[in-house]
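Asks: The following block contains the structure, expressed as structure tokens.
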Amino acid sequence: MVKRSFSLGNTLVFCLVLLVGCTTGGSQSTMTPTATPTSPTAVPHSTMTPTATLTSPTAVPHSTMTPTAAPASTTAHWLYVVDDGAISIYDIDKNHALVKHIPIPETGKRGVAFAPSLGLLYISFCGATTCNGSHGNLLAYDLVHNRVAWSVSYPFGVDQFAVTPNGSKIYMPHGTDSSDGTTSVLDARNGKVIGSIYTGTSGHNTIVSLDGTQAYLAGYVGGNYSYVHVVNPATDQVIFTAGPTTNGIRPFTVNGKHSLLFTTSSNTCGFQVLSLITGKVVSSTVFSGSCAWTPSTAPSHGISLSPDEKRVYVMDAPLDQLEVYDVSGLPAVAPRFVATVQLTSLSEWETPCQTYCEKEGWVLNDLSGRYVYVGDAGDVVDTSTLRVVKTLPALENTREMLEIEWANGTPIATSTRFGLGHVTS
């Protein structure tokens, strides 16, 4: 087997390979000592860009659709899968049975998020062509009343955004294909621009911590692209930076105490762990086997932390595999290889699809920790057996998904699109 090489100064190397009832794999993990952390590399803090330079959004009137999009009673856990033009809903508790399809006026999907307090499912999209820094759109679908609440068009681009847990703000990056290095702050009730944050990075993925006290802005091109920019939502100012990563920041996630960030990078098969206390890289893990990958520059386009924060699940697209690691010992102990799960092939393209149609993959744990969903492959992995137990047709054609928990017709929680850790004490 060919080893992928990686080095980090002053590191310890850990490589433990276990054979666990699935196709096995291996890794090389390196730990950066944490006993004598130094201050993170300085990156200029953001400044607020005047909102007067942004034109007013264009509103689209409400529309009504049937049947109902919310469960009528009791508790339910539904997986919402967003394809161009449609939302497919699966009942997690009933063997992922298809509940319904909902048509939506959207093409060129870029991101999805949900605000339980508002009952709004948001979808960002660019239309028939890539945004390239302009003509971005945000659709808000009211899942409680089953209708399009509003749709807003912007003079800037859009990408994967995040909504604060209290449903007050949306952090909307202008996209990896934009050059302005800006993330707009939107009012989550109506999509109107209320502020902006400049980082220099062409924003791609965005997360808000479980407690709503930190927002994480990241990308893989533009200035400072190998750093995550930590924002205080109370002031919308960058208060901290962490990095540098190997080569920018692709999909990432964060633990419940927002002390550790798990990142993937361009042209790299593996993941890194960053301290949100010191701003430094804690560990780096590189997968064994070939990393040759031509569909995109993101061979590990997907990472999810289990809700109990004991395991991390990472895409290994060149081998059509999901790599599983024990991360319960962090930050003192390096990630330990557990198993490899063979996935459905990612060799095809998403269709129908308008933009960014390559099958890269995406990884998401459900809120209970029972399952891991793999976008573009469509696979549902049982975390107790680490085997694929079902393939969801709609999920074979998209990377956009999230779980929503319902109680008596009211949404009460969401996984977000990112598999976040949920250990908060």
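Asks: For Ser345, are the conditions met, namely being more than 30 Å from Thr107 (Cα to Cα), part of a loop (DSSP other than H, G, I, E, B) and of a type in the set (Ser, Thr, Tyr)?
Replies: Here the answer is no, as Ser345 does not meet what is asked.
Asks: If I filter the stretch 294-329 down to residues being part of a loop (DSSP other than H, G, I, E, B) and within 18 Å of Val380 (Cβ to Cβ), which single residue comes out as farthest from the chain's Cα centre (by Cα)?
Replies: So the residue we want is Asp320.
Asks: Inside the stretch 225-251, can you point out the residues that are charged (D, E, K, R) and surrounded by fewer than 22 Cβ atoms within 10 Å (Cβ to Cβ)?
Replies: Passing the criteria: only Asp236.
Asks: Write out, first by first residue and then by second, each pair whose Cβ atoms fall under 6 Å of each other, whose residues are 6+ apart or on separate chains, and whose first residue, in the stretch 266-278, is within 9 Å of Ser300 (Cβ to Cβ) while the second is of a type in the set (Ser, Thr, Tyr) and assigned to a loop (DSSP other than H, G, I, E, B).
Replies: Thr268/Thr246; Cys269/Ser300; Phe271/Thr264
Asks: Looking only at the stretch 148-174, count every residue that is under 11 Å from Thr206 (Cβ atoms) and small (Gly, Ala, Ser) and tell me the total.
Replies: 1
Asks: Here is a further query. Can you find, within the stretch 297-337, the residue that is surrounded by the most Cβ atoms within 10 Å (Cβ to Cβ) among those that are closer than 17 Å to Ser259 by Cα and of a type in the set (D, E, K, R)?
Replies: Arg311
Asks: Any residue in the stretch 362-376 that is over 14 Å from Thr416 (Cα atoms) sitting within a Cβ distance under 8 Å of a residue that is in a loop (DSSP other than H, G, I, E, B) and among the hydrophobic types (A, V, I, L, M, F, W, C)? List the pairs, counting only those 6 or more apart or interchain.
Replies: That search, which allows pairs on different chains as well, returns Val374/Leu343; Asp376/Leu346.
Asks: Give me a count of the residues in the stretch 131-153 that are among the hydroxyl-bearing types (Ser, Thr, Tyr) and buried (at least 22 other Cβ atoms within 10 Å of the Cβ).
Replies: Qualifying residue count for the region: 2.
Asks: Which strands (runs of 3 or more DSSP E) does the stretch 374-425 wholly contain that include 2 or more residues that are under 29 Å from Asp211 (Cα atoms) and at pLDDT 95 or above?
Replies: By residue number, 379-382, 400-407, 410-414.
Asks: On to the next question. When only residues in the stretch 374-424 that are touching a Ser or Thr at 6+ places or on another chain (Cβ under 6 Å) and acidic (Asp, Glu) count, which is nearest to Asp308 (Cα to Cα)?
Replies: By that ranking, first place goes to Glu403.
Asks: Next up: For the condition crowded, with 17+ Cβ neighbours inside 10 Å, farther than 20 Å from Asn408 by Cβ and among the hydrophobic types (A, V, I, L, M, F, W, C), what is the one hit in Ala97, Ala128, Ala113, Ala86? Steps first, answer last, please.
Replies: Numbers: Ala97 fails: crowded, with 17+ Cβ neighbours inside 10 Å; Ala128 fails: crowded, with 17+ Cβ neighbours inside 10 Å; Ala86 fails: crowded, with 17+ Cβ neighbours inside 10 Å.
After applying the criteria, what remains is Ala113.
Asks: Then there's this: Do we have any residue at all in the stretch 146-153 that's touching a strand residue (DSSP E or B) at 6+ places or on another chain (Cβ under 9 Å), more than 26 Å from Phe252 (Cα to Cα), in contact (Cβ under 8 Å) with a residue 12 or more places away in the chain and part of a loop (DSSP other than H, G, I, E, B)? Before you say what the answer is, go through the steps one by one.
Replies: Going residue by residue through the stretch 146-153, those that are touching a strand residue (DSSP E or B) at 6+ places or on another chain (Cβ under 9 Å) are 146-153.
Remaining after also requiring more than 26 Å from Phe252 (Cα to Cα): 146-153.
Narrowing further to those that are in contact (Cβ under 8 Å) with a residue 12 or more places away in the chain: 146-153.
Next, only the ones that are part of a loop (DSSP other than H, G, I, E, B) stay: 146.
Yes; the residues of the stretch 146-153 include at least one that is touching a strand residue (DSSP E or B) at 6+ places or on another chain (Cβ under 9 Å), more than 26 Å from Phe252 (Cα to Cα), in contact (Cβ under 8 Å) with a residue 12 or more places away in the chain and part of a loop (DSSP other than H, G, I, E, B).
Asks: Name every residue in the stretch 258-293 that is over 15 Å from the mean Cα position of the chain (by Cα), of a type outside the set (Ser, Thr, Tyr) and outside any loop (DSSP other than H, G, I, E, B), in order of residue number.
Replies: Leu260, Gly270, Gln272, Val273, Leu274, Val281, Val282, Val286, Phe287
The values are calculated or read from the model by the stated rules, or taken from the named source; none is laboratory data. The structure presented is a predicted model; accordingly, all values stated were derived computationally and were not measured. Using ideal geometry, Cβ is built from the backbone for each residue, glycine included, and neighbour counts are taken over all protein chains shown.
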